[in-house]
Amino acid sequence: MKLGKYILGLALLAAGLTSCDQDNIGAIYEPTAANVSFLSASQSATTEAESLSVPVAIGRATTKGSYTANVIISGATEGVSLKSNQVTFNDGEGMAYAIVEIANMQKGKMYTCTLSLSDADAATANTEFGEQVLSTKVNVMCDYNWIDMGDGFYSSPEWWEEEFYVPIKHAEGTNIYRMMGLFQDGYNIDFTINADNTVTVPGQPSWIHSSYGAVWLIGDANDTADGYAGTYDPASKKVTFILYHYVPDVGGFGTFVDTLTMP
């Protein structure tokens, strides 16, 4: 109660009202203590489905009475929508969900949007209950069905001075392949073997440098770092990669030649 009275006093002072005016303003300046907040600043999902409904959790600090929060969607890619811009907490409920709906997704594509609380809901914070998370980014990857092919043999004499086996997966129904954890666990490198036996490697994070952060790997067979990476020899099952390491806002590590013998 002391905190509530203190906040009320500050509100009255800011409004130019005195304590004798309290009977006239009723509960207008009383803090709601709802503290409506997203549970996290981002969330991600991966699916093979063409359509998906993603629940985005919103919490409130009190469960007394009903409360309706207003949610705003922005930065949505094509096919992404919000089921309703209102989320209702029933009496006794401390959790409710905004539903992001994504329709007609294409394989291999990322779908994103940002959800934000309305200005009114952003003003419901009470520091007694912690900091509000006023917006959250939703990322959904429509992924392929990846089929294990076995281990390929990778050679990187110019850059890593190493040779090692790397698990290879194939995206079902495509000519897209994936090297699992090529240089660092958790960083999988996708590449495409085209019908003319050229190979492309689109720019993608490949490992983390202790000082510079994410290092990107990009095909650079024609000195343009545009994804064209080299060739595939069906007879020997060998891929020749000409690659380029790049750190955003820092620069490149140079071009080098690696090989992969497919399983």
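Read the figures in this text as sums done on the coordinates, not as results from a lab. Remember, predicted model here, so these are calculated numbers, not experimental data. With ideal geometry, Cβ positions are generated from the backbone for all residues, glycine too; neighbour counts draw on all protein chains shown.
Numbers at a glance
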{"read-out": "Simple spin-label estimate for F129 and Y165 in nanometres, 7 Å along Cα-Cβ", "value": "5.5"}
{"read-out": "Coil-residue chymotrypsin sites (Phe, Trp or Tyr not before Pro) of region 29-108, DSSP, other Cβ within 10 Å capped at 13", "value": "none"}
{"read-out": "Among H245, H170, H209: highest mean-square fluctuation, GNM of the chain, C-alpha pairs under 10 Å", "value": "H209"}
{"read-out": "GluC sites (Glu not before Pro) restricted to DSSP loop in region 161-228 with at most 11 other C-beta within 10 Å", "value": "E161"}
{"read-out": "Filter on K109/K238; K109/K137; K109/K169; K169/K237 - keep pairs with C-alpha separation over 20 Å", "value": "K109/K238"}
{"read-out": "Computed lengthening from S66 to E158, 0.36 nm per intervening residue step minus Cα-Cα distance", "value": "26.7 nm"}
{"read-out": "GNM top mover of Q184, Q132, Q43 - the chain, alpha-carbon springs below 10 Å", "value": "Q184"}
{"read-out": "On Cα atoms only, tilt of 2-15 relative to the major axis of the chain in degrees", "value": "80"}
{"read-out": "Convex hull volume per residue for the chain, taking Cα atoms only, in Å³", "value": "186"}
{"read-out": "GNM result for the chain, Cα springs below 10 Å: residue of P202, P234, P55 fluctuating most strongly", "value": "P234"}
